[in-house]
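First the structure, in the form of structure tokens, and then the observations on it.
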Amino acid sequence: MGYRGPEFYDNEENFEKYMERRQWQENANDTLEKPVMLELIGDVAGKSILDLGCGDARFGVELLRSGQEGTTYTGVEGSLNMVRAANESVKGTNAQIEQAFMEDWTYPVGTYDLVISRLAVHYIEDVESLFHKIYNTLNENGTFIFSVEHPVITSTLQPSGTRTDWVVDQYFVEGYREQQWLGGCVKKMHRSIESYFMALQRAGFRVEHLRESAPQRAYFVNEETYLRRQRIPLFLFLGVRK
């Protein structure tokens, strides 16, 4: 049986392997996912930020530094290991970290200007409820920017290792699928692009951005890695406004 998303990182071996993987020079998070997130987020000066599934919160610290005075940050994270790492990251900053699964957290009404989530929403089964909670916690004209594993990927989960091909199958059959990753097994929710889009609209959001993880040459040292990343989209990004 696969782990619930945050629980995967409370296995010490999984956690150590993940943190080690993030140090790779051309890891997909930093070369493909982070640049698009930063572009969509834009200027955060003076904004109150909520980060769902904040991980070790290093990204939050980066946002706080770019926003400088007046920017606040709250990170919500379900993994105890990640919460400990996050509390170390945000020491001395205008930030707070709360340990909770994002679907269970109590969302204060009309509190945040910006809600972000990096590669965590694909662990959630009931996104309809989550998106409504996010809508209500945003201030008027607030924005929600998030990334997930691309549905092409979640529809073709396979054992770890460098892929040589991708077989998209059962694309419109939505639900949890188990993935062998970092030597462990994790459950991820597969849903179509249309499902994400429609769920956001039903929550009341205006969808402003839909992006995929087309590689940008400037972020790659290795030409082979760059060419391989052109084969298939790893991530899907959506930006919406209240």
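Is it fair to say A28 is open to solvent by 10 Å² or more (accessible area, probe 1.4 Å) and under 14 Å from V148 (Cα atoms)?
Numbers: open to solvent by 10 Å² or more (accessible area, probe 1.4 Å): yes; under 14 Å from V148 (Cα atoms): yes.
In short, yes.
Only residues that are β-branched (V, I, T) and surrounded by fewer than 20 Cβ atoms within 10 Å (Cβ to Cβ) were counted across the stretch 129-148, and they come to 0.
Scanning the stretch 196-242 for residues that are touching a residue at least 24 places away in the same chain (Cβ under 8 Å), open to solvent by 40 Å² or more (accessible area, probe 1.4 Å), under 27 Å from N141 (Cβ atoms) and part of a helix (DSSP H, G or I) yields F197, R202. Regarding Y18, is this residue surrounded by 15 or more Cβ atoms within 10 Å (Cβ to Cβ), outside any loop (DSSP other than H, G, I, E, B), at pLDDT below 95 and not β-branched (V, I, T)? Yes.
Look through the stretch 106-128, keep the residues that are out of contact with any helix residue (DSSP H, G or I) (no Cβ under 8 Å at 6 or more places or on another chain) and surrounded by fewer than 15 Cβ atoms within 10 Å (Cβ to Cβ), and return whichever of them is farthest from D56 (Cα to Cα). Spell out how you get there, then give the answer.
Let us first name the residues in the stretch 106-128 that are out of contact with any helix residue (DSSP H, G or I) (no Cβ under 8 Å at 6 or more places or on another chain), namely 106, 113, 117, 125-126.
Filter again for surrounded by fewer than 15 Cβ atoms within 10 Å (Cβ to Cβ), leaving 106, 126.
Working: T106: 21, D126: 24 Å.
Residue satisfying both the conditions and the ranking: D126.
The values are calculated or read from the model by the stated rules, or taken from the named source; none is laboratory data. In this text the structure is predicted, and so the values were computed from the model without any measurement. When we count neighbours, we look across all protein chains shown, and the Cβ atoms used for this are built from the backbone with ideal geometry, even at glycine. Each accessible area value is taken on the protein alone, full model and side chains, heavy atoms only, with ligands, DNA and RNA left out. Shrake-Rupley method; radii C 1.70, N 1.55, O 1.52, S 1.80 Å.
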